[in-house]
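Asks: The structure's right below; bear with me while I get my questions together.
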Amino acid sequence: MDALQFGAVIVAALCTIYFTGKTGVVMRKFQELATGKAGCAPVADVGFVTIHYFAGRGRAEAIRFLLEQAGVPYNQTDFTRETWPEAKRLGIERGLYTYGQVPAIVTSSGVSMVQQQAILHYIGRSTGMDCDCDNLHYCTVLALGVEDAKSKLSKLIYDPAFSVEMRDTYLQETAPLWLGYFEKIAPSITAQQNQFFVTDRLTWVDFLIFDLLDVNMEFGMLDVGRPPVVILDQFPKLQSYYNHIRALPKISAYMSSPGRAPYKIPYMPTTVNGSSKQM
């Protein structure tokens, strides 16, 4: 085959790829071969990560899940109520805490950034757990949906007037409503189709959703003088998905490790003689 014939074959192959709608698939394969990472826009390895956050799970927990699964080494600041004001002042002064909030990360590769979803997305790009380009819009929809759902619980537990009755209303009305939305779009694990929310592999969005489910499971099991509620019992697809992610060896090891912060809420109610009071 001479050069002219070879060129004609290449052109024909490219035309076939284009007109069969496989251009995106081929480009993804070339990108994966070139970078060794899946996802829309891979970036360099982050190296060692320092998480700036409080001594608890909170908005940093999904980040920890992703780092654990990816095998990225990290440490954390574990701010307390006493140490945070000075750390916040210095962080704002140095430009690390852009909005005066955490979580934030600093990496040995020279990246510093804030905002939970932005951090997760960047680490996903670095570790090959980003979404594919044609799924970016859906990943954004899922991530913002998680934000809305978690805000319902956050508003509740950070209310100084939080009571057992408020807990019951959340578990009976609010959580079933929002988890019901996710149940409709959850992967069907038993059907051996995509075992993750976006594609056939883990993406950073899975850790956001898993954290949402884990927080609701923990909240339902709190001892407040009421029978515990296993909230996912109502949602078979979410329950299967939760169990599937939890069983991943690295996630399982982290969740059972003594170094993981216990689940706790700032205003823990208790019941005395049928009425609620704050502890």
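Residues checked against (1) among the small types (Gly, Ala, Ser); (2) touching a helix residue (DSSP H, G or I) at 6+ places or on another chain (Cβ under 8 Å); (3) open to solvent by less than 10 Å² (accessible area, probe 1.4 Å); (4) more than 23 Å from Phe207 (Cβ to Cβ):
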| site | (1), (2), (3), (4) |
| --- | --- |
| Glu86 | no, no, no, yes |
| Ile92 | no, no, no, yes |
| Val111 | no, yes, no, no |
| Gln117 | no, yes, no, no |
| Leu120 | no, yes, yes, no |
| His137 | no, no, no, no |
| Thr140 | no, no, no, no |
| Lys150 | no, yes, no, no |
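Asks: Tell me, please, whether a residue that is modelled with pLDDT of 95 or more, part of a loop (DSSP other than H, G, I, E, B) and either on the phi > 0 side of the Ramachandran plot or surrounded by 13 or more Cβ atoms within 10 Å (Cβ to Cβ) (or both) can be found in the stretch 17-35.
Replies: Looking for residues that are modelled with pLDDT of 95 or more, part of a loop (DSSP other than H, G, I, E, B) and either on the phi > 0 side of the Ramachandran plot or surrounded by 13 or more Cβ atoms within 10 Å (Cβ to Cβ) (or both), one finds none in the stretch 17-35, hence no.
Asks: Kindly list, by first and then second residue, each pair from a residue in the stretch 209-223 that is free of Cβ contacts under 8 Å to residues at least 24 places away in the same chain to a residue that is of a type outside the set (Asp, Glu), limited to pairs with Cβ atoms under 8 Å and residues at least 6 apart or on different chains.
Replies: Met221/Pro228; Met221/Val229; Met221/Val230
Asks: All but one of (1) under 23 Å from Asp130 (Cα atoms); (2) in contact with a helix residue (DSSP H, G or I) (Cβ under 6 Å, 6 or more places away or on another chain); (3) among the β-branched types (Val, Ile, Thr) hold for Val229, so report the exception by its number.
Replies: Looking at each condition in turn, Val229 falls short on (1).
Asks: Asp200 passes all but one of (1) part of a helix (DSSP H, G or I); (2) open to solvent by 20 Å² or more (accessible area, probe 1.4 Å); which number fails?
Replies: Status for Asp200: all satisfied but (1).
Asks: I've got another one for you. Spot the failing condition for Ile105; the list is (1) free of Cβ contacts under 8 Å to residues at least 60 places away in the same chain; (2) touching a Cys at 6+ places or on another chain (Cβ under 7 Å); (3) aliphatic (A, V, I, L, M), and only one is missed.
Replies: Here Ile105 clears every test but (2).
Asks: Could you say which residue among Arg59, Arg64 is open to solvent by less than 70 Å² (accessible area, probe 1.4 Å) and part of a helix (DSSP H, G or I)?
Replies: None of the others qualify; the one that does is Arg64.
Asks: Another one. Select from the stretch 44-98 the residues that are closer than 26 Å to Pro258 by Cα, among the basic types (Lys, Arg) and in contact (Cβ under 8 Å) with a residue 12 or more places away in the chain and list them in ascending order.
Replies: Arg57, Arg59, Arg64 - these are the residues of the stretch 44-98 that are closer than 26 Å to Pro258 by Cα, among the basic types (Lys, Arg) and in contact (Cβ under 8 Å) with a residue 12 or more places away in the chain.
Asks: For Phe235, work out the one condition from (1) at pLDDT below 95; (2) farther than 27 Å from Gln115 by Cα; (3) touching a helix residue (DSSP H, G or I) at 6+ places or on another chain (Cβ under 7 Å) it doesn't fulfil.
Replies: Going through (1) at pLDDT below 95; (2) farther than 27 Å from Gln115 by Cα; (3) touching a helix residue (DSSP H, G or I) at 6+ places or on another chain (Cβ under 7 Å) one by one, Phe235 breaks only (1).
The values are calculated or read from the model by the stated rules, or taken from the named source; none is laboratory data. Quantities reported herein were computed from a predicted structural model and do not represent experimental measurements. Please note: Cβ atoms are built from the backbone with ideal geometry, for glycine as well, and neighbour counts cover all protein chains shown. The accessibility values were calculated without ligands, DNA or RNA, using every heavy atom of the protein model including side chains. Shrake-Rupley method; radii C 1.70, N 1.55, O 1.52, S 1.80 Å.
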